[in-house]
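Input: a single structure, listed below in structure tokens.
The values are calculated or read from the model by the stated rules, or taken from the named source; none is laboratory data. All figures in this text were calculated on a predicted structure; none of them were measured in a lab. Virtual Cβ from ideal backbone geometry, glycine too; neighbours counted across all protein chains shown. Accessible surface is based on the protein model in full, side chains and every heavy atom, while ligands, DNA and RNA are left aside. Shrake-Rupley method; radii C 1.70, N 1.55, O 1.52, S 1.80 Å.
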Amino acid sequence: YPMQSKIMNNLLRGARRKTFYLRSGGTGSGKSRLSFADTCCASVPWMYNLQKKEWEHTGFSYPALIITTELSIEEVQSIILAFVSGVTEDHIIDNAYVDDEYDRVRQAAMYIESSPLFIEYLPNFDLDDVTNLIKKYYREEGKN
């Protein structure tokens, strides 16, 4: 599966099945954002390319589940919208769009909604809660 970083794709040959990837870093270093971006690369089949200024079909549309324990679903959604559309999150949150950004965000929202990307918020959880949620989505939404 593709990852958001070309360097990581080259080093790891992409995200591989049955492999556990762990990001480590200090508070506020962007671990969650990078993970959300990796998840989008595998599940949202269209991404906006800022260099080419056009939508690119990635060919990837695998079921993916984001389990958030700290960020609300709305916060996760704005991060994902920003990544897929190529519009800064500040512009989305502040409704301060320039040029074609509003249209790109609307298009990104349609691509995300039609993709097999799922988000669940688990503020108070234990290991059984996480395990059961993963099993549920695997049964109901997983392809393999």
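For q = 0.11, 0.16, 0.19 Å⁻¹, what log10 I(q)/I(0) does the range 1-124 give under the Debye formula with an equal point scatterer on each alpha carbon and no solvent? The Cα Debye sum returns log10 ratios of -0.37, -0.81, -1.15. 3J(HN,Hα) along the range 34-49: 5, 5, 4, 5, 4, 5, 4, 4, 8, 10, 9, x, 10, 10, 7, 9 Hz, from the Karplus curve 6.51 cos²θ - 1.76 cosθ + 1.60 with θ = phi - 60°, whole Hz, x for Gly and Pro. Phi-derived couplings, Karplus 6.51 cos²θ - 1.76 cosθ + 1.60 at θ = phi - 60°, listed residue by residue for the range 92-109: 5, 5, 8, 6, 10, 6, 10, 6, 9, 4, 4, 5, 5, 5, 4, 5, 4, 4 Hz, with x used for Gly and Pro.
Note on the range 1-53: Rg/Rh from C-alpha atoms, Kirkwood Rh, equals 0.99. Over the Cα atoms of the range 80-144, each weighted equally, I'd like the Debye log10 I(q)/I(0) at q = 0.25 Å⁻¹, rounded to two decimals. Each listed q corresponds, in turn, to -0.98. Cα centroid separation, the range 77-144 to the range 1-49: 14 Å. Once the C-beta distance of Tyr138 and Gln107 is scaled by a Förster radius of 30 Å, the resulting FRET efficiency is 0.50 to the nearest 0.05.
Which is the longest run of the chain containing none of the chymotrypsin sites (Phe, Trp or Tyr not before Pro) found in DSSP loop states (not H, G, I, E, B) with at most 11 other C-beta atoms within 10 Å? Longest site-free region, per DSSP loop and neighbour criteria: 22-144. Dividing the C-alpha radius of gyration of the range 46-110 by 2.2 N^0.38 Å, with N its residue count, gives 1.16. Normalised per residue, the accessible area of the chain is 67 Å², obtained with a 1.4 Å probe and no contribution from ligands, DNA or RNA.
Here each label is just a point 7 Å from Cα along the line to Cβ, and for Ile67 and Leu11 those points are 2.6 nm apart.
Taking the longest Cα principal axis of the chain as reference, the axis of helix 73-85 is set at about 50 degrees.
Close amide H pairs (under 5 Å, H built 1.01 Å from N) link Leu65 with Phe118, residues at least 5 positions away or on another chain. The residues packed around Cys41, meaning those with a beta-carbon under 12 Å from its beta-carbon, carry a net charge of -1 if Lys and Arg are +1 and Asp and Glu are -1. Taking only C-alpha pairs under 8 Å that are 6+ residues apart, what is the relative contact order of the chain in percent? Value for the chain: 24 percent.
In order along the range 53-58, the Karplus-derived 3J(HN,Hα) couplings, from 6.51 cos²θ - 1.76 cosθ + 1.60 at θ = phi - 60°, round to 6, 7, 7, 10, 7, 7 Hz, and Gly and Pro are given as x.
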